[in-house]
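Accompanying notes for the structure given below.
The values are calculated or read from the model by the stated rules, or taken from the named source; none is laboratory data. Worth saying up front: this structure is predicted, and the values here are computed from it rather than measured. A quick note on method: Cβ atoms are made from the backbone with ideal geometry, for glycine too, and the neighbour counts reach across all protein chains shown. To get the accessible areas, we keep the full protein, side chains included, count just its heavy atoms, and leave off ligands, DNA and RNA. Shrake-Rupley method; radii C 1.70, N 1.55, O 1.52, S 1.80 Å.
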Amino acid sequence: MAGPRYPFHEFFAGSGLAGCGLSPTFCSVWANDISERKAQVYRANFDPSVLHVGDISQVHGSELAPASLSWASFPCQDLSLAGNIDGIYSNRSGLVWQWLRILDEGGDVAPRVVCLENLAGLVSAHGGDDYRHLHAALTKRGYAVGAVLINARRFVPQSRPRVFVIGTRGDIPLGLRAEHPSWAHPQTLAKLGSSLGDFVWWDIPEPSSPKSSLTDIVEMGVPFDRDDVIELIPERHKEKLAASGLDYATGYRRTRGGRQVLELRCDGVAGCLRTPAGGSSRQFLIHRDEYGLHARLLTTREVARLMGAPEDFILPGSYNDGYFAMGDAVVVPVVRYLSEAILSKLVEAAYAV
């Protein structure tokens, strides 16, 4: 299985940012997503021949090219506080079971290393039962499994905590397994892992302090054309921004006490990006200068930068298409960090002759 890069399967591929993060060490040999809207972005940036657009329920594991890693960023809506919290057996987030079916159909040649990505709600909703069921399903199939929770803030100026469930059917190299929780196992996850006798405490180095701030992703020369929303900012948020000394902040519209407000984040970090399902799901950029406050929506290039996408990453289509492709993706440098720190090492061990 070894070569210049390891082959991997890319489930729920979306715009392909997971593959972008894995690309130095892994090469996608098969990708799948149901959204043609996201597929346009994928084809514009990656090998279109590997992408198969359609319902995952119609995919058969025996038809897939051999791979050493299976990556699955399965739907998060039913694990999100913004969703219905229907859980891992729902119509959308429950598609993870289709992924498991495909693994089973791969038989002996199914990837020996897996990584699933989702919201922090995977380990907190329903008392942790969603994760427990997934963990049990993977261990039943012979994988040694654990999870880590990483906030993208460690790499980019966006607060975006995500859970990564990692499993292997090979040996675990020395230095990758600890006896106790670490920085990547905050309290909820540490408590959940401790309740499972076979939970793997993945031991990966703690990233250095983030070096980027919101100012670094601003696309200069773009007009601030939405000053009409400034009146929605509560006075205490204006005072907080002034006290911060920062030139830029981001904000989401919220309904509080029956009226709409624009709540700011004033720590040099953007809030977690979301898909633009409605007006309140788009994030505003606020600029403070000697003349006062000014507002506009984040540009698609700024959104791409918040996701750590390369500067030459192509975002075809409308503003909403680009925002949609990025807001529902995974942060590139987080994936790259996991690839270098653990996934590549697990694959090397799993396929060692």
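Can you tell me the 0 to 90 degree angle between the C-alpha axis of helix 36-45 and the longest principal axis of the chain, rounded to 10?
For 36-45 against the chain, the angle is about 80 degrees.
Given R₀ = 30 Å, FRET efficiency for Glu36-Glu239 by Cβ-Cβ distance, to 0.05?
Values: r = 46 Å, r/R0 = 1.53.
Here the calculated transfer efficiency is 0.05.
Using a 7 Å offset from Cα along Cα-Cβ at Glu311, what residues in the stretch 197-219 end up with backbone N under 15 Å from the label point?
The answer is 216-219.
Against the longest principal axis of the chain, how steep is helix 235-244, in degrees 0 to 90 to the nearest 10, with axes from Cα atoms?
For 235-244 against the chain, the angle is about 70 degrees.
Within the stretch 260-353, which chymotrypsin sites (Phe, Trp or Tyr not before Pro) sit in a loop by DSSP and count at most 11 neighbouring Cβ atoms inside 10 Å?
Details: sites: Phe284, Tyr291, Phe313, Tyr319, Tyr323, Phe324, Tyr337, Tyr351; in loops: Tyr291, Phe313, Tyr351.
In loop regions of the stretch 260-353 (DSSP not H, G, I, E or B), the sparsely surrounded chymotrypsin sites (Phe, Trp or Tyr not before Pro) are Tyr291.
Taking the Cα centre of the stretch 105-193 as origin, work out the dipole magnitude from +1 charges on Lys and Arg Cβ and -1 charges on Asp and Glu Cβ, in debye rounded to 20. Show your work: numbers first, answer last.
On the way: 11 positive and 7 negative charges, 51 e Å.
The calculation lands at about 240 debye.
Could I have the simple spin-label model distance between Val222 and Asp198, label points 7 Å from Cα toward Cβ, reported in nm to one decimal?
Calculated label separation equals 4.8 nm.
Identify which of the listed values of Rg and Dmax of the Cα atoms in Å was calculated from the structure shown: [x] 20.4, 63; [y] 20.7, 67; [z] 27.9, 116.
Evaluating Rg and Dmax of the Cα atoms in Å on these atoms matches [y].
Report, ordered by chain and residue number, the lysines lying within cross-link reach of Lys240, taken as a straight Cα distance under 23 Å and ignoring same-chain residues fewer than 8 apart.
Lys211
Can you tally the net charge around Pro161? Count Lys and Arg as +1, Asp and Glu as -1, for every other residue whose Cβ sits under 11 Å from the Cβ of Pro161. Present the calculation step by step, with values, prior to reporting the outcome.
Numbers: positive: Arg153, Arg154, Arg160, Arg162; negative: none.
Residues close to Pro161 contribute a combined charge of +4.
Helix 96-106: angle to the longest alpha-carbon principal axis of the chain, degrees 0 to 90, nearest 10?
Around 30 degrees separate the two axes.
Please identify, among Ser212, Ser49, Ser62, the residue showing maximal mean-square fluctuation in a Gaussian network model of the chain using a 10 angstrom Cα cutoff.
Ser49
Which percent, nearest 5, of DSSP beta bridges in the chain are antiparallel? Write down the numbers at each step before the final one.
Details: 34 of 51 bridges.
Bridges in the chain are about 65 percent antiparallel.
Nothing charged except the Cβ atoms of Lys and Arg (+1) and of Asp and Glu (-1): what's the magnitude of the dipole of the stretch 189-293 about its Cα centre? Round to the nearest 20 debye. Please list the in-between numbers first.
Values: 14 positive and 16 negative charges, 108 e Å.
The calculation lands at about 520 debye.
Counting only the heavy atoms of the protein chains, how much of Glu63 is accessible to a 1.4 Å probe, in Å² to the nearest 10?
130 Å²
Indicate the gyration tensor shape class of the stretch 275-353 (rounded, prolate or oblate), computed on the Cα atoms with a ≥ b ≥ c the square roots of the eigenvalues: a/c under 1.5 is rounded; otherwise a/b larger than b/c is prolate and the rest oblate. Please report the intermediate quantities before stating the final value.
On the way: a/c = 3.32, a/b = 2.34, b/c = 1.42.
Here the stretch 275-353 falls in the prolate category.
Give a quick list of trypsin sites (Lys or Arg not before Pro) in the stretch 158-224 that DSSP marks as loop, anything other than H, G, I, E or B, with at most 11 other Cβ atoms within 10 Å. Kindly include the intermediate steps, with their values, before the conclusion.
Details: sites: Arg162, Arg169, Arg177, Lys191, Lys211; in loops: Arg169, Lys211.
Here the trypsin sites (Lys or Arg not before Pro) that fit, given the DSSP loop and packing criteria, are Lys211.
In whole percent, what relative contact order does the chain give with Cα contacts below 8 Å and a gap of six or more residues? Walk me through the numbers before you get to the answer.
Working: 686 pairs, mean separation 63.2, N = 353.
Computed value for the chain: 18 percent relative contact order.
Which value, in Å² and to the nearest 10, is the accessible area of Met220 when all protein chains are kept and the probe is 1.4 Å?
Its accessible surface works out to 130 Å², give or take rounding.
Suppose every K and R has +1 on its Cβ and every D and E has -1 on its Cβ; what is the size of the dipole of the chain about the Cα centre, in Debye to the nearest 20? Before the final figure, lay out the partial values.
On the way: 35 positive and 39 negative charges, 110 e Å.
Charge dipole, the chain, about its Cα centre: 540 debye, nearest 20.
Rounded to the nearest 500, what is the 222 nm mean residue ellipticity of the chain from helices alone, with -39500 (n - 2.57) per DSSP H run of 4+ residues and division by all residues? Don't skip to the answer; put the middle values down first.
Numbers: 12 runs with 95 residues, N = 353.
It lands at -7000 deg cm²/dmol.
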